[in-house]
Amino acid sequence: MAKGKRKFVLYLFIVIIAIGVLYIFFNERGVIKYFGLKSQVDSMQVELDKVKLENERLKNEIDSLQKRFCKDEQVAREKYNMKRESEP
């Protein structure tokens, strides 16, 4: 009976150690460190930041073009209205 309990305790200990090792390995940082992916993740973050900046720049450019278009459209309407009023 004592031999069976010792085996049970040994197997339980092995399972606990295995779970701990798997947790460390499959933990996000553990996997990144294990496979050496940290530098790739960092470079991808830098690229993502560049894309965000470019996206923001393009949004600002689109906004300025829309404002310019609206202003040009307003000027054209005013000229058209002035031309219509000056005709007999």
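Computed values, structure above
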{"item": "Only one of 23, 34 that is aromatic (Phe, Trp, Tyr), at pLDDT 75 or above and assigned to a helix (DSSP H, G or I)", "result": "23"}
{"item": "Condition check for residue 64: within 30 Å of residue 25 (Cα to Cα) and open to solvent by less than 100 Å² (accessible area, probe 1.4 Å)", "result": "no"}
{"item": "Qualifying residue in the stretch 54-73 (condition: in a helix (DSSP H, G or I), within 13 Å of the chain's Cα centre (by Cα) and of a type outside the set (Lys, Arg))", "result": "yes"}
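The values are calculated or read from the model by the stated rules, or taken from the named source; none is laboratory data. Source: prediction; values computed, not measured. All accessible areas refer to the heavy atoms of the entire protein, side chains included, with ligands and DNA or RNA removed. Shrake-Rupley method; radii C 1.70, N 1.55, O 1.52, S 1.80 Å.
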